[in-house]
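Values quoted throughout were computed directly from the atomic coordinates according to the rules given, and no laboratory measurement underlies them. Owing to the predicted nature of the structure, the values given are computational and were not obtained by experimental measurement. Note that we place each Cβ from the backbone using ideal geometry, even for glycine, and neighbour counts take in every protein chain shown.
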């Protein structure tokens, strides 16, 4: 009769595939997020319970992905991308319209947001593509990779969901960049982007153009398009050096900050914890990105290196864009603060990315056959 394993042995088996430094960082960030969310959602306690459930589900998803070898992820890269693209097409044709945006698709008894799937599917697909052409990566390979990136990005932007389109585009760009695209090509693309600014301006929705114009002068519409930026910058500035203290933020508790538990939760955090708290938060993100890049540098295959580097720098994009829009230096595009903002789907996607990094680290000594 087999002896019953001890709790220590069970815990050892459960955590054997997890990277301890990475896990510690994301747990600290998630703890900060839960504390800030509690203050931001003081009038809606069920939201805290919902986020705890989201956090538990995301942790399980992270653990599952961490057990999967990168070779298996490589095998399923194309199917995941194809499914994500098909769901995006389904959204364009049959998606549910909520608040003027067509982003959700009913599948059976639930609904999904396919754009979230593409945050993981895109770097998987492009890393798979460059892995297959590792011996002879040419300019045409970068062109085809750009097409694989452009199709879902345009579909997401059309919903419209500019924030998610930006995140998917950034994840794909990081793969292309680390695959070795030349600086001359990047400079040419930058010039083309500048030259296409005017046509793209005409393609933007009216509310998107207002957001950009409001960034330059929020006071031109202080109760409309400029309200978000004005109130968030007031909250950030009023925190001072040490902040007003947890649960003592007036901008949040007097309901001046819109979307204070999601996109603008950084304003709540800044007001209550001040510059010192912001420095701690920035340090944690820097440690997260540094650890991720170390994992990418030690990866044994091109696929795992490109995938780990792209996932890692995606967290930089999340944090930079969110803090930038809350501080008034970037337009409001609806990007959550990673591991801090409320939300189930986005949190699961973030933890799946952490699971990918842990998988690469755990299987770094395995050579693909």
With 10 Å bins from zero, work out the P(r) of region 260-300 over every alpha carbon pair and list the percent per bin. 28, 35, 24, 13, 1
Sorting check: for 144-152, 328-336, which peptide has the highest mean count of neighbouring beta carbons within 10 Å, and how do the rest follow? 328-336, 144-152
Per the C-alpha gyration tensor (a ≥ b ≥ c, the square roots of its eigenvalues), region 142-293 is rounded if a/c is under 1.5, else prolate if a/b beats b/c, else oblate; here it's oblate
Shape call for region 16-168 from the C-alpha gyration tensor, a ≥ b ≥ c root eigenvalues: rounded (a/c under 1.5), prolate (a/b greater than b/c) or oblate? oblate
Do you know the relative contact order of the chain, to the nearest whole percent, from alpha carbon pairs under 8 angstrom that are 6+ apart? 27
Could you work out the helix-only [θ] at 222 nm for the chain, with each DSSP H run of four or more residues adding -39,500 (n - 2.57) and the total divided by the number of residues, to the nearest 500 deg cm²/dmol? -23500 deg cm²/dmol
Got the relative contact order for region 160-319 handy, in percent, Cα pairs under 8 Å and 6 or more residues apart? 24
The simple spin-label model distance between residue 83 and residue 276, using points 7 Å out along Cα→Cβ, in nm, is 4.8
With just the Cα atoms defining each centre, how far is region 142-177 from region 273-310? Give it in Å. 22
Could you bin all the Cα-Cα distances of region 234-369 into 5 Å bins starting at 0 and give me the percent of pairs in each, rounded to whole numbers? 2, 11, 18, 19, 16, 12, 9, 6, 4, 2, 1, 0, 0
